[in-house]
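What follows is a single structure, written as structure tokens, with notes after it.
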Amino acid sequence: MIDNFAVGLILGYEKFKLGDVESDQTSFGLFGRYYFQGKIFAGAGLQSVKSGNADAETFIPLEVGYAAFITDNIAIEPSLNYLIGDGNSTFGLSVGFTLYLNRK
């Protein structure tokens with residue numbers, strides 16, 4: 001086991017409507033994170049995203065963020081994200097809740 005290193009799954013589903021067009025998107029993948037001083041993290045992964053009837057695309061998500069612990073095992077995690085994909089890239093901000101198992 002490596003101290004301050006975590007791995008996890010990326011699972012997502014979105015259903016959205018743009019004008020009269022309704023679509024959905026599913027995503028799955030793996031990621032790894034390294035925590036500096038127990039709260040600041042940097043991570044990378046591999047993710048597959050399928051939108052509607054289109055073929056799935058592969059992305060490499062990169063992130064940096066901060067784990068603000070509200071209990072010993074639950075954190076709110078704002079992060080800056082950069083997705084590198086097949087011919088397109090996106091930059092974004094996200095906020096997530098994370099449950100840490102076996103945290104010391």
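The values are calculated or read from the model by the stated rules, or taken from the named source; none is laboratory data. This one's a predicted model, so the numbers in the text were calculated from it and none came from an experiment. A quick note on method: Cβ atoms are made from the backbone with ideal geometry, for glycine too, and the neighbour counts reach across all protein chains shown. Surface accessibility is based on the protein's heavy atoms, side chains included, excluding ligands, DNA and RNA. Shrake-Rupley method; radii C 1.70, N 1.55, O 1.52, S 1.80 Å.
In the range 1-23, which residues are under 23 Å from ASN102 (Cβ atoms), open to solvent by less than 100 Å² (accessible area, probe 1.4 Å) and either in a strand (DSSP E or B) or aromatic (Phe, Trp, Tyr) (or both)? Explain how you work it out, then say what you get.
Going through the range 1-23, the residues under 23 Å from ASN102 (Cβ atoms) turn out to be 1-11.
Filter again for open to solvent by less than 100 Å² (accessible area, probe 1.4 Å), leaving 4, 6, 8, 10.
Within the range 1-23, ALA6, GLY8, ILE10 meet the criteria.
Taking the range 49-67 as the range and being more than 16 Å from the chain's Cα centre (by Cα), surrounded by fewer than 15 Cβ atoms within 10 Å (Cβ to Cβ) and in contact (Cβ under 8 Å) with a residue 24 or more places away in the chain as the test, only GLY52 passes. The single residue among THR98, THR26 that is among the hydroxyl-bearing types (Ser, Thr, Tyr), farther than 17 Å from PHE5 by Cα and either open to solvent by 30 Å² or more (accessible area, probe 1.4 Å) or not in a strand (DSSP E or B) (or both) turns out to be THR26.
On the given criteria, is ILE70 open to solvent by 70 Å² or more (accessible area, probe 1.4 Å) and of a type in the set (Val, Ile, Thr)? So ILE70 passes the test.
Looking at this structure, is PHE41 open to solvent by 100 Å² or more (accessible area, probe 1.4 Å), at pLDDT 90 or above and not β-branched (Val, Ile, Thr)? Even if it seems obvious, please write down each step before you answer.
Details: open to solvent by 100 Å² or more (accessible area, probe 1.4 Å): no; at pLDDT 90 or above: yes; not β-branched (Val, Ile, Thr): yes.
When the stated conditions are applied, PHE41 does not pass them.
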